[in-house]
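Working notes, structure below.
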Amino acid sequence: MKDQQTGNQTIAIEWRKAWANRKFRIKTITGSIVFLGIMLSFPYFFGLIEERKGIVLNDPILKMIPAVDVSALTFIFIWSTILFLVVRCVRDPGFFILSFTCMILLFLSRMITISLFPLDPPEGLIPLIDPVSNLFYGGTDVFMTKDLFYSGHTSTQFMIFLCFQKKRDKGIALFSSIVVGILVLVQHVHYSIDVVGAFVCTYFVYLLGRKVAEY
């Protein structure tokens, strides 16, 4: 009990120190405003994306994979890793601002790439049931099918891997990234290029986010 109280006090001291830093305050407040704006715009943005006409890609890799509904397993991997991220953010303000900044840039970059590459969903797509993520799209009964390049599920997991610092944490997040990338293909939610692109694009977004988050 005493060790827990000491740990909590240490965390509180670190947050007070961070908040006393003007750059940290500005980045946190600015990031929060941008993040709120992104969340509010999501239903409108993805609503427009769903209405537009795109192209169907010829994906030989996807054709070899029978479509199976693995929504529950995908949900478990994604949100377990995100919960783990939140715990680490609470404990370390420096890690928080890095992760927060990178995620904001990740959301913005996906909105750009999705806008630039109009795609129709793969053949055999089975809607991914994720009641938490769907809330940001406009409701639990709303299913996005054209938010394709690049994969948001895969990129989020890989961004968490890049942000984590401890070897064990990174190992968990990397494993989750690979599994989620495979699962979205099994469910035909994404083309293989969406998953490969997620790893490549996320890495460069991380490099930018790391510079922006410095304080």
Considering (1) outside any loop (DSSP other than H, G, I, E, B); (2) surrounded by 23 or more Cβ atoms within 10 Å (Cβ to Cβ), say which one residue 134 fails and leave the rest. (2)
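So that you can scan it fast, the table gives a plain yes or no per residue for (1) small (Gly, Ala, Ser); (2) at negative phi; (3) part of a loop (DSSP other than H, G, I, E, B):
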site: 155; (1), (2), (3): yes, yes, no
site: 165; (1), (2), (3): no, yes, yes
site: 178; (1), (2), (3): no, yes, no
site: 189; (1), (2), (3): no, yes, yes
site: 196; (1), (2), (3): no, yes, no
So, in segment 103-129, exactly how many residues are outside any helix (DSSP H, G or I) and within 12 Å of the chain's Cα centre (by Cα)? 0
Which pairs do you get when a residue that is more than 15 Å from residue 14 (Cβ to Cβ), found in segment 83-95, comes within reach of a residue that is part of a helix (DSSP H, G or I) and of a type in the set (A, V, I, L, M), reach meaning Cβ atoms under 6 angstrom, with the pair 6+ apart or on two chains? 85/160
If we ask which residues in segment 1-49 are at pLDDT 95 or above and not aliphatic (A, V, I, L, M), their number turns out to be 19
When only residues in segment 163-202 that are free of Cβ contacts under 8 Å to residues at least 24 places away in the same chain and of a type in the set (D, E, K, R) count, which is farthest from residue 87 (Cα to Cα)? 167
Look through segment 20-37, keep the residues that are assigned to a helix (DSSP H, G or I) and touching a residue at least 40 places away in the same chain (Cβ under 8 Å), and return whichever of them is nearest to the chain's Cα centre (by Cα). 35
Quickly run through segment 57-111 and pick out the residues that are under 19 Å from residue 215 (Cα atoms), among the β-branched types (Val, Ile, Thr) and surrounded by fewer than 20 Cβ atoms within 10 Å (Cβ to Cβ). 90
Would you confirm whether any residue within segment 170-179 is among the charged types (D, E, K, R) and crowded, with 21+ Cβ neighbours inside 10 Å? no
Only one of 148, 125 is modelled with pLDDT of 95 or more, surrounded by 20 or more Cβ atoms within 10 Å (Cβ to Cβ) and under 20 Å from residue 59 (Cβ atoms), namely 148
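The values are calculated or read from the model by the stated rules, or taken from the named source; none is laboratory data. Given the structure is predicted, the values throughout are model-derived calculations rather than measurements. A quick note on method: Cβ atoms are made from the backbone with ideal geometry, for glycine too, and the neighbour counts reach across all protein chains shown.
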